[in-house]
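Have a look at the structure below, then the notes.
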Amino acid sequence: MEWLVHDLNPTGTLRTRQRQRLRSRAALLLLLLGFCFFCFPPLLHAQSSASKQKKNLTSARTHSVPRTRATVQRGKSAPRSKLTARTQTQIKSRRVAKASTKIKRHRGLSRSRAALALRAAAAAAARDATRRILIATNYDDTFPPTPYAPELAPFPVLLNDEPLVFRTNSAFVLPGETITLAVGKTKKNNAYILQSPFKTTTTGQHHWSWQAPREVGLYPVKILHTAWGATVQLNVFVMAPFTQIEDGELNGYQVGKYPAAPLHELEAYLLPRGFIEVTEENENTLITPHFRLRQFLCKQQSDYPKYLALDSRLLLVLETILKKVNEQGHHCPTLSVMSGYRTPHYNRAIGNVTSYSRHLWGDAADIFVDANPRDGEMDDLNSDGVIDFHDTEVLYDIVFELYEPRVQQFLTSGFVNAPILQQLGATGFADDQRLQRHMTGGLARYRESGGHGPFVHVDVRGIFTRWGR
């Protein structure tokens, strides 16, 4: 009976047929899609590749070729042939410009590198030449290879009431100037003999006086203790007076012009009294136990005779510094003098703008320690394995302790505690003001450069000042 009822229901039969039709159509559509997918994949792949190439070409043209007035006019693109020709011309011109720019840059770099190399080579050559000159000036075979010794005077001697501290001393006087020489207080029955190249007058027991000769030159004087043979040497240099300079020259030696007025009206900047005449015969003369006359010559090129100004106080300072350096374990027979006296002519030639450099007055020296090895440059004083600006601290600190304007500190230094100077101080010949005047001046230190190594500047201008710390 159920099937009979179902057949009699027209609505249910209609819906069933519609569903069957939809199912058949969907299956047919799936079958066609599958047939197309499996039967025609090369065609689809070719179409997709072509579309991608077209898209890439379009983007490349967009980025490489700028839009110009020639390519776009009133919103319409120009003909393809004209666009291509003009674009190619622009590309070629840009390539040529880039290539020329690269060539210019390369040539500029090459030239700059070559210039730097030439400058470095010139600086190295100049530095080597400076080192050779400094070695030849400050050292030679005449320096004895014996260990350092202070070489203090074995007995007290006074030159114009100033103590002679060392066995070998120097005096710089003008022609006709009066010179007095005396032996200080000693034990009784001591006999001394004065050996002099000129006539002297005895003014008392162990007191002599004479006038300096009129002729410039070197005159050695010696005081001998007859009992035990000890001597004190005094090398007297009769100087050429400053007034003999004519048109900036002294006997053919180019000196230049000194400032007409002293700086701030200070006595230290008055014109030099005279100049020491240096010849090939006397340039190796010891002016103190550890320094020779030639070490303080100006570096300007000239024939002999040469001339220089030199202050005996500077020699006392340098000997004291040398003693301190050796006491600190740096075995050094002498200090290397990079620059001693400078003529105003040479001072301007090297580019020094000031006319009041203490080198012009002969009471300044640029020094460094050059003993191990002797290579014309500063030694590694601080033992850090590098020779640089820090090595100057050793010399700087030594001079600072001497120059600091406190007489009490100076009087407690090891040098002044020497028995001979204590004896002179007890007799009143070496008072506090005199010692302070001898050991006060300028102090500075300088870095290395292309032409030289680091060094320390010292002078005895009489006023404590420092710079370059």
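The values are calculated or read from the model by the stated rules, or taken from the named source; none is laboratory data. Nothing here was measured: the structure is a model prediction, and the numbers come from that model. Note that each Cβ is placed from the backbone with ideal geometry, even for glycine, and that neighbours are counted across all protein chains shown.
Below are the figures for this structure:
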read-out	value
Spans of strands (runs of 3 or more DSSP E) in the range 225-319 with at least 1 residues touching a strand residue (DSSP E or B) at 6+ places or on another chain (Cβ under 9 Å) and over 30 Å from Glu151 (Cα atoms)	none
Residue among Gly252, Gly248, Gly176 that is in contact with a His (Cβ under 9 Å, 6 or more places away or on another chain), within 30 Å of Leu271 (Cβ to Cβ), surrounded by fewer than 17 Cβ atoms within 10 Å (Cβ to Cβ) and of a type outside the set (Ser, Thr, Tyr)	Gly248
Residue list for the range 181-199, filter: surrounded by fewer than 17 Cβ atoms within 10 Å (Cβ to Cβ), in a loop (DSSP other than H, G, I, E, B) and of a type in the set (S, T, N, Q)	Thr186, Asn189, Asn190
Count of the range 88-124 residues which are out of contact with any Pro (no Cβ under 9 Å at 6 or more places or on another chain), surrounded by 12 or more Cβ atoms within 10 Å (Cβ to Cβ) and modelled with pLDDT of 70 or more	1
Any hit, the range 203-224, residues being surrounded by fewer than 12 Cβ atoms within 10 Å (Cβ to Cβ) and in contact (Cβ under 8 Å) with a residue 40 or more places away in the chain	yes
Filtered residue count, the range 339-368, keeping only those that are β-branched (Val, Ile, Thr) and touching a Gly at 6+ places or on another chain (Cβ under 6 Å)	1
All positions within the range 333-388 that are part of a loop (DSSP other than H, G, I, E, B), hydroxyl-bearing (Ser, Thr, Tyr) and within 25 Å of Arg292 (Cβ to Cβ)	Thr334, Tyr341, Thr343, Ser357
Flag for Val173 being in contact with a Gly (Cβ under 9 Å, 6 or more places away or on another chain), modelled with pLDDT of 90 or more and under 18 Å from Leu315 (Cα atoms)	yes
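Listed here are the residues, each with its yes/no results for (1) of a type in the set (Val, Ile, Thr); (2) under 38 Å from the mean Cα position of the chain (by Cα).
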{"residue": "Ala227", "(1), (2)": "no, no"}
{"residue": "Phe237", "(1), (2)": "no, yes"}
{"residue": "Ile245", "(1), (2)": "yes, yes"}
{"residue": "Gly252", "(1), (2)": "no, yes"}
